[in-house]
1. Assess whether Gln63 counts as being in contact with a helix residue (DSSP H, G or I) (Cβ under 6 Å, 6 or more places away or on another chain), crowded, with 18+ Cβ neighbours inside 10 Å and not acidic (Asp, Glu).
2. Has the range 37-58 got any residue that is under 30 Å from Gly250 (Cα atoms), crowded, with 20+ Cβ neighbours inside 10 Å and out of contact with any His (no Cβ under 8 Å at 6 or more places or on another chain)?
3. What tally of residues in the range 183-204 results from selecting those that are over 21 Å from Leu38 (Cβ atoms), out of contact with any Gly (no Cβ under 6 Å at 6 or more places or on another chain) and crowded, with 16+ Cβ neighbours inside 10 Å?
4. So is Val149 under 19 Å from Gly68 (Cα atoms), of a type in the set (Val, Ile, Thr) and crowded, with 18+ Cβ neighbours inside 10 Å or not?
5. Out of all the residues in the range 216-233, is one or more among the charged types (D, E, K, R) and surrounded by fewer than 17 Cβ atoms within 10 Å (Cβ to Cβ)?
6. Could we say that Glu225 is in a strand (DSSP E or B) and under 18 Å from the mean Cα position of the chain (by Cα) here?
7. Select from the range 51-66 the residues that are closer than 10 Å to Glu35 by Cα and either among the hydrophobic types (A, V, I, L, M, F, W, C) or without any contact (Cβ under 8 Å) to a residue 24 or more places away in the chain (or both) and list them in ascending order.
8. Of all residues in the range 64-82, which are more than 13 Å from Glu185 (Cα to Cα), modelled with pLDDT of 90 or more and of a type in the set (Gly, Ala, Ser)?
Amino acid sequence: MRISLVVAAAVLSTLPACYQFEVTAQAGYAQMAVEGDLGYVSGASSASISQDVESAFGLGDDQGTPYGRLMIDTGVPVLAVSGFMLEDDGTGVLQTNFGDSPLLIAGTPVRSDLELMSAKFSYAFEISLGPVSLSPGIAVDYIDLSLEVADQIGIATETVELKAPIPLAFLRGEVDLGLVSAVVEVGYMSIDVEDVETSFLDLEALLMIHPTPLLNLFVGYRSLELDAVGLIDGDAFDTDLQISGFMLGGGLRF
């Protein structure tokens, strides 16, 4: 009986190290902007269809938006979710045809409205190496993007939408020096299916200061890069977009 009690006590004493449960919740402000090229025309096209989002659609100014992040550390598996929203609008002049309307052609002044929501969910397995840890795993980035382009009179309107979960190979790296810590997450996907070639890169980095064990303040950077070209339902598209910007805020760990 004494031996059993000693063994049980020894096992229980190791549980906190093996089965920790820690939650970090953060919220802040992000300054994001979209840049790159976007093209879409009805029917297959061998001509260049991509257009600069700044000059053709009037997009690209920095926009303020809320940012949120939640991480649950269970010891080895680590679950995390982070996301932001972006809204942008402006006026530009089309460089080539857009969509299938005869009114949205090269040289047409247009007004554009962009709405984007991004939510990243990750599931990774932490490998601790002292103050440094690596966490390989998988992630899903849900993208809800809508771009509406209309002529200045409002007669012709074309809308491009992307609503899809994008699976990613995922890696997180962390350095914890007590008062200061840093997290870098990278997710990537590349696929070539029939008439569509797509690649997607998600980069997120945070530098944190911990004034107390419970409180943290952070600055960070977030970038999404979408590169897609091909045909869908006979329509040609060519997209090379980057949505990126800096973040700052704070959070609690408990």
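The values are calculated or read from the model by the stated rules, or taken from the named source; none is laboratory data. Keep in mind that what you see is a predicted model, and the values were worked out from it rather than measured. Virtual Cβ from ideal backbone geometry, glycine too; neighbours counted across all protein chains shown.
1. no
2. No, that holds for no residue.
3. Residues that pass the stated criteria total 5.
4. Considered against the rule, which asks whether it is under 19 Å from Gly68 (Cα atoms), of a type in the set (Val, Ile, Thr) and crowded, with 18+ Cβ neighbours inside 10 Å, Val149 comes out as no.
5. yes
6. The answer is yes for Glu225.
7. Val53, Leu59
8. Scanning the range 64-82 gives Gly64, Gly68.
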